[in-house]
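The values are calculated or read from the model by the stated rules, or taken from the named source; none is laboratory data. As the structure is a prediction and not an experimental result, all values here were calculated from the model. Because the Cβ atoms are built from the backbone with ideal geometry, glycine has one as well, and the counts that use them run over all protein chains shown. The accessibility values were calculated without ligands, DNA or RNA, using every heavy atom of the protein model including side chains. Shrake-Rupley method; radii C 1.70, N 1.55, O 1.52, S 1.80 Å.
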Amino acid sequence: MPPPPPSSPPPRLLAGGDHLPPPTSASSPEHPFLSAHLLLPSPSPSPADLSSPHLPHALAFAFLTQSSPLPRHLLVALHAAGARFPAFYQAFASALLSLPFPLLLPHPRARLLLAASELARAAAPGFGALLASLLRRVPFPGDARLLELFTEHASFLANEEPQLLASAVFAFLRLLARNRLAPAPSSAECKDCEECRSAKSLEECRGRLVSFCVSMLRGHFQVWALIGRDLVRSLHELALVPEFQPLWRDLMPDRVGDVCRMSTPGWCSALAITAEMETQLLFMMTNVKWGDQKRYQLWFARKHLMVPGGEERIPDIVRFICCGYHPTNEVMHSGVIARWAVIGWLLTWCRKGYVVANAKLALFYDWLFFEEGRGSVMNIEPAMLLMVNSVSQYTDITNTLLEFLFLLIDNYDVRRKDAIACCVRSAFGVLVKKQERAQHQFSRARHLKRNHNALTNERKDVKKSLGAGRKGGMWSNVRALLMSKRKRGKKEKAFSMEIIINQVSPEKVFKNDMLLYGWNPPDGIFGRELFKLVADVPAAATPKKQQHCLRKRTRRMCVTEGTLHATSHSRSLLSPRYWLENLVLHQPYMSAAAPLLSPEGKTVSREGSA
């Protein structure tokens with residue numbers, strides 16, 4: 001009996017290469033799909049298949065590898081699983097998004113558009129993220145299908161998903177402004193397949209693309225409000241296109257002022273760059289330290305700027321850095337490369353005059369319409385820091401940026417010249433105030449650090465003296481116990497204290513300064529009715545973790561007969577020797593040379609003190 005013919009290997013989804021793992025490897029992006037396909041070779045709407053956890057990846061593999069048109073049983077299985085499990089659509093869309101789009105083969109890429117169209121037709125959860133991801137990939141072969149999808153579902157998207165419709169309009173406008181509608185050539189493209197040859201790109205549908213953008217802007221004002229002022233910037237670059245000139249004449253004079261006051265959200269600025277650009281830019285600005293950025297910048301430039309149409313993306317990258325990424329204080333103080341440094345490096349890559357002008361306009365665009373209390377300071381901060389930090393070594397950069405800013409004030413919108421000048425002055429004022437606050441906080445932190453270092457050195461000296469005291473034994477049995485009660489009804493919060501000194505004559509105590517340590521209660525050292533402090537001398541030091549030095553407290557100690565008062569004061573705590581020499585000690589330990597002081601500060605006799 002002849003052996004059975006060997007089964008053919010499953011079809012591939014990604015273009016292979018020596019640097020990519022095989023599909024059977026667990027590190028391959030194809031591995032989850034291949035494993036699910038081996039478990040469910042032909043997904044069907046049967047109860048067993050619908051309840052399988054491998055159904056999303058198995059169904060996605062079947063969608064991407066089946067020939068067009070898609071078999072009916074796959075569509076039935078998709079919608080049956082979505083109706084039975086509400087989270088299935090989201091899992092199916094996530095499975096499609098997990099594949100690296102630039103590596104997809106032509107046939108799976110075309111099937112991915114069909115799957116996205118089917119999800120959009122069913123208004124399934126998760127189709128918005130899939131379409132937004134595809135918008136960031138344009139141009140690519142067959143992307144005209146994406147335009148057809150948005151045109152077909154425009155009315156539904158305007159009512160249910162206005163942000164997705166605004167994303168499509170803005171992505172297509174930026175594509176028209178860059179004038180790069182032709183997809184990049186690839187060696188993996190299929191040239192003999194009739195289906196691939198018949199697939200149209202946006203370059204062949206330029207007229208339909210322009211008509212879609214104009215109709216959406218005329219009929220849906222929410223698109224203007226969601227995009228913000230970057231919509232006006234994009235339309236300025238397309239002002240000479242004949243189809244957009246009626247739009248400028250009819251709608252822009254009335255709406256441009258209100259739209260320019262709306263800042264562009266971060267998700268909108270991220271649409272103009274690819275997901276790989278965003279990931280690598282965020283990596284540079286959150287992980288790369290100063291001094292190590294050159295190799296990463298060269299890596300980014302070789303992949304994204306040294307390609308056809310790469311230089312035209314620099315203005316969009318600058319806008320993303322200004323509006324789409326706002327670092328936290330922890331990131332800004334962690335020593336990583338700053339946003340202004342990345343922008344300055346990108347400006348050096350501009351070779352064409354109009355690209356340089358568009359990049360500088362993207363940098364200063366928020367300055368022209370900035371309003372204090374309404375606009376974000378983080379949007380205008382990179383330009384200011386770039387000019388300030390370039391003064392010392394790159395003065396020409398500061399001069400050219402300031403010159404361009406003054407030209408913008410005078411020539412960008414002549415009818416609103418005064419308003420633009422007022423906004424620029426407001427931006428300068430806010431940034432100067434922020435810089436002054438930052439300098440004040442920096443000087444305060446430096447002062448606190450200097451005090452901390454001084455206190456550390458003082459504690460080291462104390463440790464040395466404590467060691468010397470233990471060797472001498474002079475302070476071996478000295479301890480002070482202080483008790484107090486809060487006196488109510490007085491403006492000056494005072495408390496009585498009793499000091500007991502054992503086995504040491506007052507003359508020896510007076511000749512040496514004592515360091516006072518004590519436990520700090522949770523509600524403040526003077527906030528309890530009864531508390532205890534210990535006057536430690538070298539022979540009786542308590543653990544450091546349970547003590548705090550009273551020298552650091554801003555209290556003024558004034559001593560009367562048998563009473564020690566503590567009041568809030570701006571001066572530092574007086575030396576312990578000052579008030580210790582004025583204490584009234586108990587009779588058994590009183591020295592004949594020690595005078596007694598009354599509450600008024602006069603000397604009294606010992607009989608009167610008793």
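Take P86 and decide whether it is assigned by the TED database to the domain that holds A116, farther than 17 Å from L112 by Cβ and either open to solvent by 10 Å² or more (accessible area, probe 1.4 Å) or polar (S, T, N, Q) (or both). Talk me through it step by step, then tell me what you get.
Working: assigned by the TED database to the domain that holds A116: yes; farther than 17 Å from L112 by Cβ: yes; either open to solvent by 10 Å² or more (accessible area, probe 1.4 Å) or polar (S, T, N, Q) (or both): yes.
Criteria met by P86.
Note down all Cβ pairs under 8 Å where the first residue falls in the stretch 247-259 and is touching a residue at least 24 places away in the same chain (Cβ under 8 Å), the second is in a helix (DSSP H, G or I) and open to solvent by 60 Å² or more (accessible area, probe 1.4 Å), and they're at least six residues apart or on different chains.
From the stretch 247-259, the pairs are L247/R218; L251/R218; R255/F221; G257/R416.
How many of the residues making up the stretch 102-132 are open to solvent by 40 Å² or more (accessible area, probe 1.4 Å) and in a helix (DSSP H, G or I)?
So the count comes out to 6.
Could you list, in sequence order, all residues of the stretch 54-76 that are of a type outside the set (A, V, I, L, M) and either touching a helix residue (DSSP H, G or I) at 6+ places or on another chain (Cβ under 9 Å) or at pLDDT 90 or above (or both)?
H54, P56, H57, F61, F63, T65, Q66, S67, S68, P69, P71, listed by residue number.
Can you say whether F61 is assigned to a helix (DSSP H, G or I), among the aromatic types (F, W, Y) and in the same structural domain as S117 (by the TED database), as far as the supplied structure shows? If you could, list the steps in order and put the result at the bottom.
Details: assigned to a helix (DSSP H, G or I): yes; among the aromatic types (F, W, Y): yes; in the same structural domain as S117 (by the TED database): yes.
So F61 passes the test.
Those residues that are open to solvent by 10 Å² or more (accessible area, probe 1.4 Å) and farther than 15 Å from T274 by Cβ, I need them from the stretch 165-180; list them, please.
Scanning the stretch 165-180 gives A177, N179.
For R319, which of the numbered conditions (1) open to solvent by 30 Å² or more (accessible area, probe 1.4 Å); (2) in contact (Cβ under 8 Å) with a residue 40 or more places away in the chain; (3) of a type in the set (K, R) fails to hold?
(1)
Could you list, in sequence order, all residues of the stretch 69-120 that are among the hydroxyl-bearing types (S, T, Y) and without any contact (Cβ under 8 Å) to a residue 60 or more places away in the chain?
So in the stretch 69-120, the residues among the hydroxyl-bearing types (S, T, Y) come out as 89, 94, 98, 117.
If the condition is that a residue be among the hydroxyl-bearing types (S, T, Y) and without any contact (Cβ under 8 Å) to a residue 60 or more places away in the chain, then Y89, S94, S117 are the ones that fit.
For A36, state whether it is closer than 30 Å to L135 by Cβ, in a helix (DSSP H, G or I), touching a Gly at 6+ places or on another chain (Cβ under 8 Å) and free of Cβ contacts under 8 Å to residues at least 60 places away in the same chain.
Taking the combined requirement at face value, the residue does not satisfy it.
Kindly indicate whether any position in the stretch 206-227 is open to solvent by 50 Å² or more (accessible area, probe 1.4 Å), modelled with pLDDT under 90, within 32 Å of the chain's Cα centre (by Cα) and not small (G, A, S).
yes
It is to be established whether one or more residues within the stretch 272-288 are closer than 18 Å to V169 by Cα, in a loop (DSSP other than H, G, I, E, B), not assigned by the TED database to the domain that holds R415 and not hydroxyl-bearing (S, T, Y).
no
Condition first: more than 35 Å from the chain's Cα centre (by Cα), surrounded by 15 or more Cβ atoms within 10 Å (Cβ to Cβ) and at pLDDT below 85. Now tell me which residues in the stretch 16-34 satisfy that.
G16, P23
What residue, among those in the stretch 370-403 that are closer than 26 Å to A419 by Cβ and outside any helix (DSSP H, G or I), is least open to solvent (accessible area, probe 1.4 Å)?
Here the answer is F370.
So, L157, is that one at pLDDT 90 or above, open to solvent by less than 10 Å² (accessible area, probe 1.4 Å), aliphatic (A, V, I, L, M) and touching a Pro at 6+ places or on another chain (Cβ under 8 Å) or not?
no
Could you check how many residues of the stretch 139-158 are out of contact with any helix residue (DSSP H, G or I) (no Cβ under 6 Å at 6 or more places or on another chain) and not in a helix (DSSP H, G or I)?
4
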